[in-house]
Every structure is written in C-alpha cells, then in structure tokens.
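Read-outs throughout are calculated quantities, based only on the coordinates presented, and are distinct from any laboratory measurement. Model, not experiment: these values are computed from the prediction. Cβ placement follows ideal geometry from the backbone for every residue including glycine, while neighbour counts extend to all protein chains displayed.
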Amino acid sequence: MGLAKNFTGRIGRTFEDSEAAWPDLPQPPQGAPNIVMVLLDDVGYAQFGCYGSDIATPTFDALAAHGVRYANFHTTALCSPTRACLMTGRNHHASGMARIVETASGFPGYDANIPEENGFLPEILVRNGYATYGLGKWHLAPAHENNLGGPRTHWPLNKGFERYYGFLSGETDQFHPDLFHDSHIVDPPKTPEEGYHLTEDLTDKAIDYIKDLRAFSPTKPFFVYYAPGACHAPHQAPKKFIDAYRDKFNQGWDTWREEVFARQMASGLLPAGTILSERPTWVPAWSSLSDDERRLYTRLMEAFAGFLTHTDSEVGRLLDFIKSIDEYDNTLVLIMSDNGASAEGGPGGSFNEKYFYNFVPESLAENLKRIDLIGSEHSNNHYPWGWAWAGNTPLKRFKRDTHEGGVCDPLIVQWPSHLKNVGGIRHQYLHIVDVLPTLLDVIGIEAPEQINGVPQAPFNGVSFAHTLESAAEPSKHMTQYYEMLGSRALYHDGWKAVVFHPPGMMNYESRNANPSFDDDIWELYNIANDFSECNDVALQFPDKLKELQELWWTEAEANQVLPLNNQPARYGDRRFLRDRYVYLPGISPLPESTAPNLKNRSFQITAALNVPSEGNCDGILVCHGGHAGGYALYIKGRRLHYAYNFLGALTTIVSASVELPVGEVDVRATFTATGRFRGDMELWYGDVPVGRSAIPFTVPVTYGVDPFTVGYQRMTPITPELVGKAEIPEGILRRIVIDAIGRAYRNPEGEARAALAMQ
C-alpha cells in the first residue's frame, strides 16, 4: 500500500474489515495570537502623532499608549528590500532584493529573485495552523512576473498566503488601482464617483476574510498582512480628509520641524542631548519662498496629511471589527513603515510625480492651475522634499539614503492580553530582519529546518521579544550593514560609519553622479550618544572608522552586496525586451517591464481590423499609460486617432482625415524620431497616409504604473475623451503588431537632461 504510507488506520478488503483515520491538520501553539501587521509606505520617523507630529493618527497613538513604541527601529531605506527583510528575516541582498524589483540587475544580490531557502513568514505560519491573508502592496516578485502570462513563483499565494487582495507593483492610483485578487486581475467594486478608495477596499476585504475564517473555524488564529498604498505617492484621499487640514501647515517646514522636535524631546522619544540636525543646503528656507510657492507646497502637504489620517482611520476600522468579535485581547498588532519619508516629489513638489522620475522640471504655474485637484482622482501628486526632510525630524536625509533619515522608522507593538508594561518607549537598536524571529519567539514556533523540502538559511535577524516588557534590556542586534544605490553604512555596538554616494538616478544634490567609490568620504558617529548624526567624529577616531569600514566589507561579501553599483537601471533584465511584438485583443495588462519599449526610438504599430459597414466601432486598439502620461491608438467617429500624453501637461492628438474603409484593413501609426524625445507621427490606412503631426516631446523614462493593454484601457485614461474601459467592440480588432526600430537610449537620464537643455 505504498500510496498510503502515512495512513495510520487499517485497510482491509471491505469496509467492515477497515479502520478509518484522518491526517492531522497543522495545529498552532496553545494560545497563539492573531497577528495584524500594518506596513505603511514612505512614512517618515516623525509623521505619526505619537512620534511628534500634529497629523491626526488617533489609532496609532492609542496603540502606542497601550503598547510599546520603538524609537530606534531600522529598515533598508527602500520598499522592496525592506519588505523582503520583513517577510524572510534575512538581509535584503541575501534575498537578491538590493533595490526595487523594477531596477534589478543580473547579480545574485540584485536580481529580485528571492531564493527558496529564504522562506516567507506566511509560509511558516500556515504550516503551524494559521490562516494567512495578504492585503495591499506586494512588490516582491521580479518585474517580469507581474503579468498573468508569466510565472508566478514569487506571488503571494506561492509564498504562504492563502488569500491575497492588492497590487503587485510599487505604487498604484488610489482611485483606479491595478487590483489582483488571489492570482487574477479584478476591477474595483465601485467607481470614484460612487465613493471608492483603495484603502477602504482593503479594509473591507480584510474584514471579509476574517468573517469567512470564523464561518469555517471559531478558533484558528489569523495573520493579516495589511500593506496599504499609503503614504506612497500619489497622495490621494477622500476630499473631506484633505480639507480638514486646510491652512494647518502655513507655518512651513522649518517651524513645523522645530515644533515636532520639541514634542519628541518632551515625550522622551529622543535620547537626552539629541540635536536637531541642520537644514541641508538643497532644501530652501520656507521664508525664502514666494507666496505662490508656499500656497502650493502647503496644499501638497495637506494632501499627504489627509492620506495618513484616512489610513489611520481605516486601520482603526479593521481593529474595531476584531474588537467586535471579542478577539482583540489576543491580537498582536504591529505598525511600522518601510523607509523614511520620500524626497521623490523633488524640490518643488509635483501635481504629477512622474515628472521627477522622468527628470523633467515641473512648472510652478502649471501646478498652480491644478491646485484644487491635488489629492483627487485626477492627480498624481507628491509633496516637496522640504516636507520629507521635516517628516524625518530630527534626522538627516530621506528615503533611499543610508543616513538615519532613510533607515530609521516608527514601530509600534501592542498585544493587550500579554503586554503589561505599556505606554513606554524602547531605545534598543532593532532592524526589520528582527521582526520575523521575534514573532516566532513570542508565538512559540521553532524556525523550520526546511520548507517544501528546501533547507532553510539561518535568519540574519534576532528576536527582540525580551525588550517588549523592559526598556533596560540590551539589544541583541549588534551589527548591521546598509547599502542602497551606492550609499553604505555599518552599525556596530552603538557606532555607525556612513557614506552618501550620489546615485546615478534621482540625485537631489548637485554632485557628480558617478564618483569613484574609492573617493567617498566616510562619516563616523557615536549613535549611542548622537542619535541624529550631528557630530562627525571620523577625524577624532580614525581607528574606529577603519574598523567599521573593514567590517562593512566583510558583511558585504557575506550578504551578496557586491559588486557596488549606483546605476540601478543600467543592467536591467533585457531578456523580455524585443523589437517585434504580436498581440491579440483582450490580453491581460502588461507592466512596463514587459511591455513594448517604444521610448526614445522610432516604431510602427499595425492594427489588423475588420471594420463593419455600420454600427459602433469606437474603442482602444492599444494603449500604454494613463492620465499621468502615455499613448493610445484608438478609433472614434469611425476614424483612427493617436493620442500622446506628455506627463499630463500636454496631449497631442493626431487624427485621420477620412473615415475607415469598410472590411479588412491594416491601419498603421508610424513614429519617426526626429531628435531626442521628439518625432513625427503619421497615420495610414493600408498604404494611404491619412494624418500627420509632430510630437513635440515624449516621455523619457517611465509612464508609471498604468499598464499596457490591447483592445481596452485598464486604469486611468490617456485623454479625457477615453472614459471607462473604452473597449473596442468584439470582432473589429484581430491583432496588433508593434515593430520597434533602432535602439532605445541606454542613458535615459542623460538624454533627458540634454534634451531639456535644448528647449
């Protein structure tokens, strides 16, 4: 009976001669808690109320008051790497997640392929009797996996989650999200006009999952990983939440930051003697700004604050539901952020953050024209980096940097039935890799030796369970390396060596973006007495600096950090790019990583049509992008049209001069590059030219998260006249063929800057 080798009953020739037995189901440890893990995005050290802010976060503040606040908790400085650390308990390079998945390169520490030996937290919990639910941002699958036609090796349901509802990429529109349910694409249940917002949808779904669980089992513990888009740009929230902050930030970021610092010191959050770091030269003094700049920058901050307060409210709604079913006391709640506040809004903020990613300076006048739309479904806004600097008070720098402003974040832990010494602040050094070992420790689960037959690598993190009840217990995490986009740091036993290396992209300082790593100037701080890194003692303690530098190289070699590279996109995965693409109508959306690469090169799009003699034939043939930038080839009024949206500011529409012929016809849109990021578009019916116009400027680098589609549009429209899905009627479009001609520019940043200099 080889097929039943684990059967514990008895099998005879008949039922009467046999004894039934059922396989054991995984059982959790006695008293295992429910777990609600909330991971926010781009929320800085000082942006919760309980960390010094005057932004309303009553849910988070109450959790801190009845739980524990950690003042010295660290991440990796960027979202995908931090999430990899959180899910695996291993360092980000050790998981191949040095950067965000979209900028992976072909080296072990950088390829965005988390190895099976680094098992995920839900993979462990589900094997120990937990129900596991993931909601919100994932951003842990290699970019080529983020479509339905490819492999799903690193999707949530293959990494231990039993249910998933959210978005796979790094950000999404909060009113028009690119939603996945389990492993398939779905549409939002409502429209923005009907009151839809993604964070509310995530909360609804989390509550539904718990309801379904309790219909199945009244006692099985659950793990809810709740990772909303907040507060990553676009900063979008229901209007009433944004309007509640009208004129609340008129004092500007300098004064606001001083007020926050005073509250931090008074509350005991910061160690005695902490100094407020100086304003960097690239952040202008608020007093130096014009009235129009202040008005715009204030409104952008109001949108961020409304977004954060709305998120706090939705987390509160989820926890209130858990209270209503009498399970709150044995629910372990963790609230944290994935990196410091983001400077990706640039010096002046943005109505459309894609300007920053495309190295295009935004016009103050253009932004002011749309100030009343900030935070709405029509925006893609991000605040100026002055507010990000303030959001990291009292620390230096921002997200992406290895100074404390990039890597030091809030962490709140509450467990009503177990934590007794509550309301306190913990100053022990922690890192995000410590969270998984801590959860296993407090639940009573041994780290597995293997998962699915794959031997597991040891954790890089260590449990901080001993600190939950005691502020006096020392940290067990003694050494931690950092590397992000070329910047590095090494923490060891209260000391920190750190160097800022200008990244090859999105550099906010006017430095050479390609300096030699050997020429970097390292700083040294006694973090135990200088939390905000204000007193560089590198010259005073050269031996200590050398010791930490050598230790950094040791850690780098052990964790796959090498080779050092500050050009995150230079070695992008080109295996999925080609010069000819053939698509059938109705394919699932494709992310930018596997969509046709038509930027900065000539191309031709051919659509094979069968045009009816009468009736409607309007709709999308092919499009890529959305209201923040992109293109669409479509039929309207029985004529062919091509719309090119340059970052939401200028839309050029090329229209055919005559109606489409009836019957089978191949129509073409031919773009001929005439210089850097510009060219001529010509429309054809067969071999007959029917329309022509210049495209004055094209998007250099990215359209953002709105995907590539054939026969319909997925998220936001390229142009307002394309509303809804704008599906082409069935039977009209037979196929799309795209031919990309010539090479795409290999240095989009340099090419974009050169083109802008010629304007």
Here the residues of the range 280-309 lying in the modelled label zone of Glu258, meaning backbone nitrogen under 17 Å from a point 7 Å along Cα-to-Cβ, are 280, 284-289
Calculated from DSSP H runs of 4 or more alone, at -39500 (n - 2.57) each and per residue, what is the 222 nm mean residue ellipticity of the chain, nearest 500?
-> -6000 deg cm²/dmol
Take every DSSP beta bridge whose two residues both sit in the range 34-457, then give the antiparallel share in percent to the nearest 5.
-> 35
Specify whether the C-alpha gyration tensor of the range 273-432 places it in the rounded, prolate or oblate class, a ≥ b ≥ c being the square roots of the eigenvalues: rounded for a/c under 1.5, otherwise prolate if a/b is larger than b/c and oblate if not.
-> oblate
Do the alpha carbons of any pairs in Lys248/Lys725; Lys205/Lys323; Lys248/Lys399; Lys354/Lys725; Lys137/Lys725; Lys205/Lys599 sit beyond 27 Å of each other, and which pairs?
-> Lys248/Lys725; Lys205/Lys599
From the phi of every residue in the range 669-680, what ³J(HN,Hα) in whole Hz does the Karplus formula 6.51 cos²θ - 1.76 cosθ + 1.60 yield, where θ is phi - 60° and glycine or proline is x?
-> 10, 10, 9, 10, 5, 10, x, 5, 6, 7, x, 10
Got the relative contact order for the chain handy, in percent, Cα pairs under 8 Å and 6 or more residues apart?
-> 16
Note down the nm distance, to one decimal, between modelled labels 7 Å out along Cα→Cβ at Ser613 and at Glu117.
-> 7.0
Applying 1/(1 + (r/R0)^6) with R0 = 35 Å to the Cβ-Cβ distance of Val454 and Glu557, what FRET efficiency is obtained, to the nearest 0.05?
-> 0.90
Nonlocal amide H pairs with Ala343, under 5 Å, H built at 1.01 Å = Lys399
The range 217-257: trypsin sites (Lys or Arg not before Pro) in DSSP coil with no more than 13 other Cβ atoms inside 10 Å = Arg246
Determine the percent antiparallel among the DSSP beta bridges restricted to the chain, to the nearest 5.
-> 75
Starting from the Cα-Cα distance between Asp54 and Asp543, subtract it from 0.36 nm times their residue separation and give me the gain in nm to one decimal.
-> 171.8 nm
Extension reserve of the Thr191-Glu550 stretch, reckoned as 0.36 nm per residue once the Cα distance is removed = 123.7 nm
Name the helices (complete DSSP H segments) of the chain with a Cα length along the long axis of 18 Å or more and a Kyte-Doolittle mean of at least -0.5, or state none.
-> 198-216, 291-324
Specify which labelled value, from (1) 88, 80, 49; (2) 90, 59, 48; (3) 159, 56, 44, agrees with Cα extents along the principal axes in Å derived from the coordinates of the model shown.
-> (1)
In whole percent, the Cα-Cα distances of the range 580-757 spread across 5 Å bins from 0 upward as 1, 9, 19, 23, 22, 15, 7, 3, 1, 0
Just subtract the alpha-carbon distance of Lys248 and Asn421 from 0.36 nm times their residue separation and send over the number in nm, one decimal.
-> 58.8 nm
Here P(r) for the range 34-457, Cα-Cα distances in 10 Å bins, as whole percents, is 5, 23, 34, 26, 11, 2, 0
